[in-house]
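The values are calculated or read from the model by the stated rules, or taken from the named source; none is laboratory data. Computed from a prediction, not measured in an experiment: that's the story for all the values here. Heads up, the Cβs are rebuilt from the backbone with ideal geometry, glycines too, and the neighbour counts pull from every protein chain shown. Just the protein is used for accessible areas: all its heavy atoms, side chains included, with ligands, DNA and RNA removed. Shrake-Rupley method; radii C 1.70, N 1.55, O 1.52, S 1.80 Å.
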Amino acid sequence: MTEGSSIGAPEKVRFAMIDGLRGVAALAVFLYHCNEGHHLTNLMAAAPAWFECIVRQGHLGIAIFFVLSGFVIAHSLRKYSVTLPLVGRFLLRRSVRLDPPYWFAIALTISMAAISAHFVQGKEPLSVSTGQLVAHVFYLQEVLGFREIGPIFWTLCQEVQFYLIYALLLAATRNDPAQGMQGRATAIGVAVAALISLLWPLGIVTWEPWRGSFLPLWHCFLLGAGAYWTWQYPRMALYYFSYVAILVLSAAVRMDEVTLAAALTTMTLWYATRTGGIYHWLSWRWLQFLGLISYSLYLTHNPVSGALFRVGYGLTGRSALTEAFWWVVVIFGCVLFSAGMWWLIERPSLALAKRIKLEGQNAREMAGIEPRSI
């Protein structure tokens, strides 16, 4: 394969495997929170140890999301000469795509907490200050030290920092898509970024430069970007595999499950690009559907599942059998709710975001997908 080529890639492609992995990640985080929310205590006590172990590892779906973000954003920007104005349009496009569902999820979380406090005796209402709400709207709650309104919103703060720094890195190094590896300055810039990102997973640095900094998890994002760059520029393979090997060895020694999950995800992506599986692996309809609604499912599964479990257990009481029954009901209920949210909120947001051109109509358009979700 020559540099910049894609195995059997048509001019416009869809990475079915990316969507499938999104579905896997969203479902894993959802099932994890069902257990962490103490909705399945009797069921887990009666379940085999291996089953409980799988559910408890569901939080690693977040690592999968970060790696996928790196891969997709690297793909989205690869064919553009990134300038500061383009960075602004890129961030506006991502904002239009991500903000409305995110803002709806914030409102839903606050509303469901208020309803729960009204009907459940002794439950304290969720107190949200104006500053806390405004900080959430702009993904700044972690940076400004506000308590999270929802347990998964912190990941959006990380994502936004990833997008900004990666785009600025390309702009600062004046990347040139016509050159191998985007030009020498860009290649060096990416290498320096990778080296800096190793400081946290290796345990060399244990503090954050600022509250809510993305740096401790930057390597997850760069693992995804590295898989894409290595696909497009095979000369990068030695550096990419060295980076992955260092992270795997360190994670094995430090028992860092997040980094191990990210490394497994990036290697799977890389292998899929080499074999063409990126276009058709995990293409089962149900999993592609979960991938389609994964952002909505990820954002809203906590308040929706909490309400459904409470109503269900109020009707039947709790035992291992009833918990298993209501777990199934809750899964279908959350998927149904997320599908409606995708149709009413995400779909229009995506359509509007696509109208924001990163360059003029005559510019070279990227060959590939528009990210459906984070």
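Using only Cα atoms, figure out Rg for the stretch 263-364 and give it as a multiple of 2.2 N^0.38 Å. Each step should come with its number before you reach the end.
Values: Rg = 19.2 Å, N = 102, 2.2 N^0.38 = 12.8 Å.
Compared with the compact-globule rule of thumb, the stretch 263-364 sits at 1.51.
If you average over every viewing direction, what projected area does the convex hull of the Cα atoms of the stretch 239-319 give, in nm²?
Details: hull surface 36.0 nm².
So the Cα hull casts an average projection of 9.0 nm².
I'd like the carbon and sulfur percentage of the solvent accessible area for the chain, probe radius 1.4 Å, heavy atoms only, ligands and nucleic acids excluded. Display every interim value, and only then the final one.
Numbers: 11520 of 16990 Å².
That fraction is 68 percent.
If you take the C-alpha gyration tensor of the chain, multiply each eigenvalue by 5 and take the square root, what semi-axes do you get, largest first, in whole Å? The partial results should precede the final answer.
On the way: eigenvalues 255, 103, 88 Å².
For the chain, the semi-axes come out at 36, 23, 21 Å.
Could I get the Rg over Rh figure for the stretch 1-148? Both from C-alpha atoms, Rh via Kirkwood, rounded to two places.
Numbers: Rg = 20.5 Å, Rh = 19.4 Å.
My calculation puts Rg/Rh at 1.06.
Go through the stretch 100-106 residue by residue and turn each phi into a ³J(HN,Hα) via Karplus (6.51, -1.76, 1.60, θ = phi - 60°); whole Hz please, and just put x for glycine and proline.
Each residue of the stretch 100-106 in turn: x, x, 5, 5, 4, 5, 4 Hz.
Could you give the nm distance between label points at LEU168 and ILE115, where each point is 7 Å from its Cα heading toward the beta carbon?
So the label points at LEU168 and ILE115 sit 4.0 nm apart.
Which whole-Hz ³J(HN,Hα) couplings does the stretch 166-175 yield from phi under the Karplus relation 6.51 cos²θ - 1.76 cosθ + 1.60, θ = phi - 60°, glycine and proline marked x?
Coupling constants for the stretch 166-175: 5, 5, 5, 4, 5, 5, 5, 8, 6, 4 Hz.
To the nearest 500 deg cm²/dmol, what mean residue ellipticity at 222 nm is calculated for the chain from DSSP H runs of n ≥ 4 alone, each contributing -39,500 (n - 2.57), summed and divided by the residues? Kindly include the intermediate steps, with their values, before the conclusion.
On the way: 15 runs with 242 residues, N = 374.
Here the helix-only value at 222 nm equals -21500 deg cm²/dmol.
Using the heavy atoms of the protein chains and a 1.4 angstrom probe, tell me the accessible area per residue for the chain in square angstrom.
On the way: 16990 Å² over 374 residues.
I get 45 Å² per residue for this part.
Dividing the Cα convex hull volume of the stretch 76-128 by residue count, how many Å³ per residue is that? Present the calculation step by step, with values, prior to reporting the outcome.
Numbers: hull volume 4.7 nm³, N = 53.
Taking the convex hull of the Cα positions in the stretch 76-128, it is 89 Å³ per residue.
Can you compute the radius of gyration and Dmax for the stretch 193-298, using only the Cα atoms, both in Å?
Looking at the stretch 193-298, its Cα Rg and Dmax stand at 15.5, 44 Å.
What Kirkwood radius, in Å to one decimal, follows from the Cα pairs of the stretch 144-190? If you can, show how the numbers build up before the last one.
Numbers: mean 1/r = 0.0797 Å⁻¹.
For the stretch 144-190, the Kirkwood estimate is 12.5 Å.
Run the numbers for LEU249 and ARG274: contour at 0.36 nm per residue of separation, minus the present Cα-Cα distance, in nm.
Values: separation 25, 0.36 × 25 = 9.00 nm, distance 2.40 nm.
Stretched out fully, the LEU249 to ARG274 stretch lengthens by 6.6 nm.
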